[in-house]
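The values are calculated or read from the model by the stated rules, or taken from the named source; none is laboratory data. Just so it is clear, the structure is predicted and the values come from calculations on it, not from any experiment. For neighbour counting, all protein chains shown are included, and Cβ atoms are generated from backbone atoms with ideal geometry for every residue, glycine included.
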Amino acid sequence: MSEGYSLHSVDVALPPAERFRQFLQSGGKRITQQRRLIVEIVFSHHDHFDVDELIEHLQDLIAQRKVSRPTVYRTLAELVEAGMLRKMTLGGRSVYEHDYGYPRHDHLFCQMCNKLLEVHSDDRERLRDAAAEKYHFRVLGHRMFVTGICAECRGT
């Protein structure tokens with residue numbers, strides 16, 4: 001689904017599986033082998049994905065009964081709650097992306113072909129910071145999501 005370029009990862013204090021284990025532990029849960037396998041697959045590379053695409057990647061493990069479909073859904077919800085994944089609704093379906101170990105970025109979304117491009121702009125961040133300073137506003141985060149039609153769909 002995603003096209004364009006991949007932004008570089010950022011340094012994090014803990015590997016994703018360990019960060020997730022700590023999150024679960026703080027809620028009285030444990031990291032099971034199923035959860036660990038799901039986290040490993042999700043964080044093995046950066047890409048936007050939906051549940052069906054993740055289940056396709058896990059198909060062999062599901063067939064071997066090493067991972068169950070309900071656990072996939074629960075684990076994704078827990079990863080969102082932990083702040084490790086971001087969930088977006090695009091074209092009527094839920095799409096996930098890394099929010100842990102990946103730099104801040106914004107998106108351009110083509111409403112015709114559903115292409116999702118990641119973009120980063122130092123100029124935009126400077127504008128955001130200047131506006132925050134002017135209004136004595138403490139920035140905790142931001143999201144810019146631009147919808148439109150890509151060059152390929154416009155035929156240019």
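Of the residues in region 9-24, how many are outside any loop (DSSP other than H, G, I, E, B) and more than 25 Å from Ile62 (Cα to Cα)? Break it down into steps so the answer makes sense when it comes.
The first filter runs over region 9-24 and keeps only residues outside any loop (DSSP other than H, G, I, E, B), leaving 16-24.
Checking the rest, the ones that are also more than 25 Å from Ile62 (Cα to Cα) come to 22.
Residues meeting the conditions: 1.
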Pick from region 85-94, criterion out of contact with any Phe, Trp or Tyr (no Cβ under 9 Å at 6 or more places or on another chain) and not in a loop (DSSP other than H, G, I, E, B), ranking: farthest from Gly141 (Cα to Cα): Arg93
Among (1) modelled with pLDDT under 90; (2) out of contact with any Leu (no Cβ under 7 Å at 6 or more places or on another chain); (3) β-branched (Val, Ile, Thr) - the single one Thr32 does not satisfy: (1)
Pair list, Cβ < 9 Å and 6+ apart or interchain, from region 60-84 residues that are part of a helix (DSSP H, G or I) to residues that are acidic (Asp, Glu): Leu79/Asp99; Val80/Asp99
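So that you can scan it fast, the table gives a plain yes or no per residue for (1) in contact with a strand residue (DSSP E or B) (Cβ under 9 Å, 6 or more places away or on another chain); (2) at pLDDT 90 or above; (3) in the same structural domain as Gln33 (by TED's automatic domain parsing); (4) surrounded by 14 or more Cβ atoms within 10 Å (Cβ to Cβ):
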site	(1), (2), (3), (4)
His46	yes, no, yes, yes
Asp50	yes, yes, yes, yes
Leu54	yes, yes, yes, yes
Val72	no, yes, yes, yes
Arg93	no, no, yes, no
Val119	yes, no, no, yes
Arg143	yes, no, no, no
Residue in region 123-130 that is at pLDDT below 90, loosely packed, with under 13 Cβ neighbours inside 10 Å and in the same structural domain as Ser44 (by TED's automatic domain parsing) present: no
Some residue of region 93-112 being more than 24 Å from Arg21 (Cα to Cα) and in contact with a Cys (Cβ under 7 Å, 6 or more places away or on another chain): yes
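Among the residues of region 95-117, what is the count of those that are in a loop (DSSP other than H, G, I, E, B) and either among the acidic types (Asp, Glu) or in contact with a strand residue (DSSP E or B) (Cβ under 7 Å, 6 or more places away or on another chain) (or both)?
First pass over region 95-117, keeping only residues in a loop (DSSP other than H, G, I, E, B): 99-105, 111-115.
When the remaining residues are screened for being either among the acidic types (Asp, Glu) or in contact with a strand residue (DSSP E or B) (Cβ under 7 Å, 6 or more places away or on another chain) (or both), the result is 99, 105, 111, 114-115.
Residues meeting the conditions: 5.
So which of Lys87, Lys115 ends up being touching a residue at least 60 places away in the same chain (Cβ under 8 Å), surrounded by 12 or more Cβ atoms within 10 Å (Cβ to Cβ), under 23 Å from Val146 (Cα atoms) and among the charged types (D, E, K, R)?
Details: Lys87 fails: touching a residue at least 60 places away in the same chain (Cβ under 8 Å).
Step by step, each of Lys87, Lys115 is checked, and only Lys115 is touching a residue at least 60 places away in the same chain (Cβ under 8 Å), surrounded by 12 or more Cβ atoms within 10 Å (Cβ to Cβ), under 23 Å from Val146 (Cα atoms) and among the charged types (D, E, K, R).
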